[in-house]
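Every number here is computed from the coordinates shown, using simple stated rules; none is lab data. As the structure is a computational prediction, the values presented were derived from the model and not from experiment. Using ideal geometry, Cβ is built from the backbone for each residue, glycine included, and neighbour counts are taken over all protein chains shown.
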Amino acid sequence: METIKINIEGHIYEVDKSLTVLEAARSVGYNIPTLCYWKGGHNSLASCRVCLVEIATARGGRLFASCVYPVADVPAEKGFVIKISSPMAVEARRASVELLLSNHNQDCQACVKNGHCELYEVASIVGARPGAFKGSKTEVHKDEIAPGIIRDSSKCILCGRCIERCKEAQGIGILGFEKRGFNTFVSPIADRSFAHVPCIQCGQCVNVCPTGALSEKREITCVDKAKAEGKFVVVQTAPAVRAALAEEFGYKIGELNATGKMVAALHRLGFDRVFDTNFAADLTIMEESQELVNRITKGGVLPQITSCSPGWINYLEYYYPQCIPNVSTCKSPHEMEGAIIKSYFAKAHNLDPKNIYVVSVMPCTAKKYEAKRPQNANAEGLPDVDAVITTRELAAMIKRAGIVFRELPEEEFDQDLLGQYTGAAPIFGVTGGVMEAALRTAYHTLTGKEFGPIDFKACRGLDAVKEAEVEINGLKVKVAIASGMKNAKVLLDQIKEGKSPYHFIEIMGCPGGCINGGGQPFVKPNLKPEEGADILETYREKRAAILYSIDEKCAIRQSHNNPDIIKVYKDYLGEPCSELAEELLHTTYVANREKYPEVK
Amino acid sequence: MKIRLEVIKDVREICQKHKDEPSPLIVILEEVQEKYGYVPVELQEVISEETGVPAAEIYGVVTFYSFFSLTPKGKYVIHVCLGTACYVKNAQAVLDKMCAVLKIQPGQTTEDGLFTIEAVRCMGACALATAVSVNGKVFPRVESKDVEKILDEFRNQEAK
Amino acid sequence: MEKITSPELLDQKISECTEKLSAKITGKGGKRAILVCGGTGCLANNSKEIIEKLEALIKEKGLSDRISVNHVGCFGFCSQGPFVKIYPEDTLYRAVKVTDVERIVEEDLINGKIVEDLLYVDPQTHEKVARMDDINFYKKQKRIALHGCSVINPDLLEESLGYDGFKALKKVLTEMTPQEVIDEIIASGLRGRGGGGFPTGRKWQFAANVKSDKKYVVCNGDEGDPGAFMDRSILEANPFEVIEGMMIAGYAYGANEGYFYVRAEYPIAVQRLLHAIDAMEKAGLLGDNILGTGFSFRCHLRLGAGAFVCGEETALLNSIEGKRGMPRPRPPFPAVKGLWGKPTCVNNVETLAQVGYIIRVGAAEYAKVGTAGSKGTKVFALGGKINNVGLVEVPMGTTLRSLIYDIGGGIPGNKKFKAIQTGGPSGGCLTEKDLDTEIDFDTLVARGSMMGSGGAIVMDEDNCMVDVARFYMDFICDESCGKCSPCRIGTKRIYELLTEIVEGRGTMETLDELKELAKITKNNSLCALGQTAANPISSTMANFYDEYLAHIQDKKCPAHVCKSLSKYYIDPEKCKKCSACSRACPVSCIKGVPGKEPYVIDQSKCIKCGTCMATCKFGAISHE
């Protein structure tokens, strides 16, 4: 790394020469406020003008946006001084924020992002004066129709992070700047709803939005209503939730495996049963690996692609319908769990399935849409899952109930037919995890032997596309893993052209998998400078580490060895991919999903 | 709005024609605008499909540049120049009169679909201030009292 | 034209064409030539019909083999157009109508008598002037960028070759190294004519210093300043000269591809440019291995789709790349990372139009014209309240007074000069006290305005400066790209405050807030559009503070422009009850009884358009 000496207000620092002033300052302990900057971004950089610093030479000072200004251009030895707190810089930053506030609805108390809003935080940091500038506001554009994500332009500051996120992480570009000047707003084409454009509802845009302009569509009141109506309310939690929930309660990222406290909280929130989606993850592996074995041995369509990410399934239907035959027909784990709860579990407890209300706590906004698909319901149209709340919504419910998270004891999931899980399940929450879990079981199915070593390291890590080869009974099984649609596209194009060399592919909608889902706690360097300058590069690994450690600590680490799974097949389903299993646990996809349906 | 199939086919051809040019989006949009008088959202979706540029980005481009229109314009598009040279010669009064007579605002089209008024920024005909053009024909040194006369010229053409 | 494949062939072609053009001008061989202005302004005044009629009549009279009819580019003196010029006598007819054509043919072309009433009349001496060079408007001008305008037919490569075209290109390709070309341009002191005035040679040097597999030259013809039309006129009159400048730039820093970015509102310029590119390709002057020297160059054209901000170079590059024209932060500068990430110099039309001349005459000769800091000439588009509206090219250092009075012919209607706005919406107003300022890049900035692209709009006592400031702010608000918050929101807030003032709701605090916002937009904005957006406010507040006070404290608009502060009324004593005003009123708010009762304006409905006052022949209507 080439370094350079810079002068920040009289102090000389040696920093990486390739950084911008903002990044360099951050690396030596200064947190310059910003709203549009996002690590690795470029689309709309330097637009918010909140990170202005004065760069002074003997000839005087001028203001520059520190997020884009290269330190290479301001070496200390040439007399450049970076001033963060000169009157010129302080006033300029304050003015930029005050102007933004003058075109913002400022309904902060009732905002879903209250407590997580970067504009709010930055306004306080720069000392914005109340009502400094007044005037008309840009016309408001709202979308409250889409099942997963909602949009309110009256809170938007046009930083463009969401536009870039959708384009860069997912390669889609659902959002764009529309109109110009004071009339500019961010929206899908022609101000359509996310529901009426080929948006995959992954929620990555929500994660980077600095304000309340983009947020998940909350379903807390639906849960409240079900309880009030006296329904038998069952909650299940996805693996990735426990890897991040504690962040909502002041724990550092990766600090705490929140499983025990989360379960304790759910018990206190009055759910009739608290289950772990991990059980269904094991079930998914049983079904999906059997499906793979069938395809391989019976000459089915290959490669088989995983189906547990609804963001990915949306992408499939909108952009690669020709790949539908490749995709496993398995429902995603929480849908399977819902289906089992409303059949096997209901029957065992003599409950009317119509009276059971299944709530899924998911790291995901696309799951909200998934639960509403008619394909994910039983023959009478009864949905497998009734409500999906995100990790963030669960945290809100815990806070609302007055529960002090830190003081909670550790409790166990309810051991009632669906209680047990293996180490193969929690790693579903991270890219490569489903593949690793499936290989453990598929290997066993085909060879009758356990796959060893259990850890299949080639599946791990955050590379864009990972590939590996496993020899099973003399057959070289080639697998590939991608997360984020931009990465998945490469593998899908190979299939489309008939050139895919793989047998099995895992695709996750969000980069890094569910640990980085659109419903997870926000990772905002602006709001939590104490997480360190490199947090955006490391948070996914930190969360993944929690899931891998859960796997390691499990006594049983292969889905097919889960006693409750063995039991459900023995007592109810028969065997993987049996007729009943097909009916309850498998789904279908839409080949002709309209990208831009006509809207009245 | 339903777009006729042959228009969609034609737009696809326009896209294909320019596909080897670097970043041809605006070139394509200009050609469609020129040919059909507007670039509706439905055609933007077609262009998105052909070029791979996200639809929202195309809409963003169309709504950024004043040359593009999302809705069809009138048979006669009236440009009233509001460039500085015209403005200081009271172009605003000409525009106001034009709007009052046609009972529409700048950017709008009369109900009969005959006239669209657009306030434009400098046609570069500063010596002719206030300049008004109708479908490209420039009327020099227009004052508000000339408005009816100009409109009549086109109304009469229609009457014929 | 056959391919010109070597420098020698070019020389040969140039001398043939030069001889031919000079024969046309001097009438050698007993031929006469008629030149008719084919610029946008004159075309709007029927110059095309004039040409057609001339051709038809000449044919009818059997004079076709002795008299040629040519269209040429802008004569510059647009307020007197359309122009018809006759060689070899060099007679200039102005304000020619289609109905005058017959007389020109009969009296002048056949009988050799000048058509007196079509000649220019000097407003001071009242004498008729027959020759162009004797007209005051032209006397103080020096044509470098406008070289060939109103002389050559812009559709004919031969005429360009006959009028110095491509001599410079041949010189650089055969006699100079790329570095020598850059050094020459640096030595000439040429500064960018698009607004900022950055030294052109240094810009080229930056791009030359970057190693890259690909580089581009971009010509900025997105002339967006309202009231500026020099780039259009140059492209319409001599596109070859600009292409040649672009090629020399390409040779100098190693680019082999050029993009013209021209406003779609300039159809004639676009068409002539395309024609010129085509003609040059056919002649081998564009393409691979030009003149056999190994230098290759290709030209493309992209149309500006109507966004003022695209005049900003990084926004322009985004626009060529098919994106919204939103500026990019700098650094990196385009010379390092420009079009499609490759080193690119963006040069204005007028800048490139000067390059050939510099190479032909040498930097030293060029630098003799102008001031210490600003060399050469500058083209201005004179407009607004001035007699000689048009396009003028003057040496840097000419005074504003000379520009307005000697060349511009002063203010019409004996009105009082109030201000001249230079630099368009980014510039400022200069007043009486600035009239003896010698115009150059630095003096204008020092006086609170800027050169900009060369729009110069004159205002008289009937213009309200607060209203003018608001007009510019309205323009900027409309044209702000919306990317950065100080410009997007700040300019809107300024516009709203100015609206408060012109509507009589302003207070002294409004002025303080205006000053603060002006500072913020200047300091905080991302690009030059925002950074200069408040200039019209700052300069009108500095020069016309009393007008602001009149609006705020007295609730009066001294120029009677601001509608909310003015009121029309009819003096019942003077009213002849003729009903003319009532009939003229667009909103029918004047009531009375013809011949019986005097007319009265219903103030609640009056839109203050002033039509009634203009209509009344008896001076019964006045306003305050």
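Full extension from C:K128 to C:D571: what is 0.36 nm times the residue separation minus their Cα-Cα distance, to one decimal in nm?
Values: separation 443, 0.36 × 443 = 159.48 nm, distance 4.42 nm.
Stretched fully, the C:K128-C:D571 segment lengthens by 155.1 nm.
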Pairs A:K179/B:K2; B:K73/C:K214; A:K261/A:K486: which are spaced more than 30 Å apart, C-alpha to C-alpha? B:K73/C:K214; A:K261/A:K486
Which values, in whole Å and largest first, are the semi-axes of the equivalent ellipsoid of region C:157-367 obtained as the square root of 5 times each eigenvalue of the Cα gyration tensor? 23, 20, 17
With r defined as the distance between the Cβ atoms of B:N156 and B:K9 and R0 fixed at 35 Å, what FRET efficiency is calculated, to the nearest 0.05? 0.40
Radius of gyration and Dmax for region C:536-617's Cα atoms, expressed in Å? 16.2, 52
Going Cα to Cα from A:K595, which aspartates and glutamates come in below 13 Å? Please leave out same-chain ones fewer than 8 positions away. A:E317, B:E42, B:E45, B:E49
Each label sits 7 Å from Cα toward the beta-carbon; between C:I114 and C:I25 the label points are separated, in nm, by 2.0
Note, region C:457-469: 3J(HN,Hα) by Karplus (6.51, -1.76, 1.60, θ = phi - 60°), whole Hz, Gly/Pro = x, goes 10, 8, 10, 10, 4, 7, 9, 8, 6, 5, 5, 5, 4
Helix C:7-26 axis, angle to chain C major axis (alpha carbon atoms, nearest 10°): 50
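Tally the DSSP beta bridges in the protein assembly as shown and give the antiparallel ones as a percent, rounded to 5.
Values: 76 of 133 bridges.
About 55 percent, rounded to the nearest 5.
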Would you work out the charge dipole size for the protein assembly as shown about its Cα centre, treating the Cβ of every Lys and Arg as +1 and the Cβ of every Asp and Glu as -1, and quote it to the nearest 20 debye? 1960
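Charges at C-beta only: +1 for Lys and Arg, -1 for Asp and Glu. How large is the resulting dipole of region B:76-159 about its Cα centre, in Debye rounded to 20? If you can, show how the numbers build up before the last one.
Values: 9 positive and 10 negative charges, 67 e Å.
Here the size comes out at about 320 debye.
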Between C:G423 and residues 5 or more places away or on another chain, the pairs with built amide H atoms under 5 Å apart involve C:S453, C:G454, C:G455
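How many lysine pairs does region C:377-460 hold where the Cα atoms are under 20 Å apart and the two sit 8 or more places apart or on different chains?
Numbers: C:K385/C:K415; C:K385/C:K416; C:K385/C:K418; C:K385/C:K433; C:K415/C:K433; C:K416/C:K433; C:K418/C:K433.
Within region C:377-460, the lysine pair count is 7.
Using 1/(1 + (r/R0)^6) with R0 = 25 angstrom and r between the beta carbons of A:Q106 and A:K225, what's the FRET efficiency to the nearest 0.05?
Working: r = 31 Å, r/R0 = 1.22.
The calculated FRET efficiency here is 0.25.
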Calculated log₁₀ intensity ratio I(q)/I(0) where the Debye formula runs over C-alpha points of region B:5-64, q = 0.29 Å⁻¹: -1.48
Write down the Å³ per residue value for the convex hull defined by the alpha carbon atoms of chain C. 166
What is the list of residues in region A:140-156 whose amide nitrogen lies under 17 Å from a point 7 angstrom out from the Cα of A:N114, following Cα to Cβ? A:155
Using only the Cα atoms, work out Rg/Rh for the protein assembly as shown, with Rh taken as the Kirkwood radius, to two decimals. 1.04
For the Cα atoms of chain B, what angle does the longest principal axis make with the long axis of helix B:5-17, in degrees from 0 to 90, nearest 10? 80
Centre separation in Å (Cα based) which lies between region A:173-209 and region C:184-228: 37
In whole angstrom, note down how far apart the Cα centers of region A:253-310 and region C:335-399 are. 70
Calculated from backbone phi, Karplus (6.51, -1.76, 1.60) coupling profile of region C:521-537 in Hz, x at Gly/Pro: 4, 5, 7, 9, 5, 6, 10, 4, 4, x, 5, 9, 4, 8, 3, x, 6
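Once R0 is set to 51 Å, what does the formula 1/(1 + (r/R0)^6) return for the Cβ-Cβ distance between C:K596 and B:T71, expressed as a FRET efficiency to the nearest 0.05? Write out the running numbers ahead of the final one.
Values: r = 49 Å, r/R0 = 0.96.
It comes to 0.55.
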Lys/Arg Cβ at +1, Asp/Glu Cβ at -1, dipole of the protein assembly as shown taken about the Cα centre: which of A:A65, A:T184, C:G595 is farthest positive-ward? C:G595
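Helix by helix through chain A, keep the DSSP H runs that span 24 Å or more along the axis on Cα and average at least -1.0 on Kyte-Doolittle, and give those back in order. It would help to have the intermediate numbers written out before the result.
Details: long enough: A:277-298 (30 Å, -0.30); A:535-553 (27 Å, -0.54).
Membrane-span-like by this rule: A:277-298, A:535-553.
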Between C:L301 and C:K3, what is the label-point separation in nm under the 7 Å Cα-to-beta-carbon projection? 2.4
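What full-extension length gain, to one decimal in nm, is calculated for C:R401 and C:E321 as 0.36 nm per residue of separation minus the Cα-Cα distance?
Working: separation 80, 0.36 × 80 = 28.80 nm, distance 4.31 nm.
Roughly 24.5 nm would be gained on extension.
Could you pull out the GluC sites (Glu not before Pro) across region A:58-104 that fall in loop regions by DSSP (anything but H, G, I, E, B) with no more than 14 other Cβ atoms inside 10 Å? Each step should come with its number before you reach the end.
Working: sites: A:E77, A:E91, A:E98; in loops: none.
Those that pass, being in a loop and sparsely packed, number zero.
Using a simple charge model, +1 on the beta-carbon of Lys and Arg, -1 on the beta-carbon of Asp and Glu, nothing else, what dipole does chain C show about its Cα centre, in debye to the nearest 20? Don't skip to the end; give the middle numbers.
Numbers: 78 positive and 79 negative charges, 210 e Å.
Result for chain C is approximately 1020 debye, rounded to the nearest 20.
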Amide H contacts under 5 Å for C:S68, placed H, 5+ residues apart: C:R32, C:A33, C:I34
Approximate spin-label separation A:K567-C:E52, in nm, with each point projected 7 Å along Cα-to-Cβ: 9.5
Straight-line reach only, C-alpha to C-alpha below 12 angstrom: list the aspartates and glutamates that C:K167 could link to, leaving out same-chain residues fewer than 8 apart. C:E8, C:D11, C:E175, C:E241, C:E244
